Amino acid sequence: KAEALIRWQHPSRGLVSPAEFIPVAEDTGLIVEIGDWVFMEATNQIAKWRLHHPNFQISINKSPVQFRGGGKNHLNWVEHLASLNLPGESVAVEITEGLLLDARDSVSNQLNTLRAAGMQISIDDFGTGYSSLAYLRKFHIDYVKIDQSFVATIKSGSSDLALCEAIIVMGHKLGMKVIAEGIETKEQLDLLISAGCDYGQGYWFSKPIPAEDFEKLLGIN
């Protein structure tokens, strides 16, 4: 598995952090076009990589603004995936906790459409926003991602470790897999494995890298 991340290489400012440009893109509505471009780029990579690793899956973030945008000119993710002959399970769509509290039918219908196509749904940065356990059950979430702020300071016997353990138990009881973000040390990895965490991501495994460098990790020439 991998997560698709976006970076902006500006001609004069250099590398601009997503923390800077994503909020602006959301405020202006440009996130819809950016998000569709990311989806097309990522799924093109999936089509290539699944030739070598048939079960490969990429997580792709989808902003709440994209769910609320609507419009005829927006990319239909389900149709695009089908056009590449890719199964739905090759993609996990990452959403925020806050989106689950948006009760409007258009959001619910879009989530249900993605799931009906076989795509999996992941809650990003779990524990930092406003969520309800009832909504987790209602939308049949596949993964919850423990926010890196909890992982960064976990130690044996710490309150952050207790929080991670509680999220893992809750996730498993609700039939979800749990992903820990921001793993940077062997100690963090070992504690999370002992706690029963299913997946992990972070600098311990790899820093964000371009697709061509990632192919080397996959053993693709």
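Before moving on, here are some points about what is shown:
- Subset tally (residues that are among the charged types (D, E, K, R) and in contact (Cβ under 8 Å) with a residue 12 or more places away in the chain) for segment 7-26: 2
- Of all residues in segment 173-206, those satisfying the criterion of being open to solvent by 40 Å² or more (accessible area, probe 1.4 Å), at pLDDT 95 or above and not in a loop (DSSP other than H, G, I, E, B) are K177, K186, E187, D190, I193, S194, Y199.
- If you filter segment 151-165 down to residues that are open to solvent by less than 60 Å² (accessible area, probe 1.4 Å) and assigned to a helix (DSSP H, G or I), you find that the one that is nearest to F205 (Cα to Cα) is V151.
- When residues in segment 1-23 are screened for being of a type in the set (V, I, T) and within 20 Å of the chain's Cα centre (by Cα), 2 of them pass.
- Taking segment 112-148 as the range and being surrounded by fewer than 14 Cβ atoms within 10 Å (Cβ to Cβ), of a type in the set (S, T, Y) and modelled with pLDDT of 90 or more as the test, only T113 passes.
- Among the residues listed as A47, A19, A82, the single one being within 28 Å of G127 (Cβ to Cβ), out of contact with any helix residue (DSSP H, G or I) (no Cβ under 7 Å at 6 or more places or on another chain) and among the hydrophobic types (A, V, I, L, M, F, W, C): A19
- On the stretch given as segment 173-221, residues that are among the β-branched types (V, I, T) and either farther than 23 Å from S159 by Cβ or touching a helix residue (DSSP H, G or I) at 6+ places or on another chain (Cβ under 6 Å) (or both) total 4.
- Test: residue in segment 27-42 that is free of Cβ contacts under 8 Å to residues at least 24 places away in the same chain and within 21 Å of D125 (Cα to Cα): yes
- Hits in segment 37-58 - residues which are open to solvent by less than 20 Å² (accessible area, probe 1.4 Å) and not hydrophobic (A, V, I, L, M, F, W, C): T43, Q57
- Count of segment 11-21 residues, restricted to those that are among the hydrophobic types (A, V, I, L, M, F, W, C) and either open to solvent by 50 Å² or more (accessible area, probe 1.4 Å) or modelled with pLDDT of 95 or more (or both), is 2.
The values are calculated or read from the model by the stated rules, or taken from the named source; none is laboratory data. Remember, predicted model here, so these are calculated numbers, not experimental data. Every residue, glycine as well, gets a Cβ built from its backbone with ideal geometry; the counts of neighbours run over all protein chains shown. The protein model used for the area step is the full one, side chains on, heavy atoms only, and it has no ligands, DNA or RNA in it. Shrake-Rupley method; radii C 1.70, N 1.55, O 1.52, S 1.80 Å.
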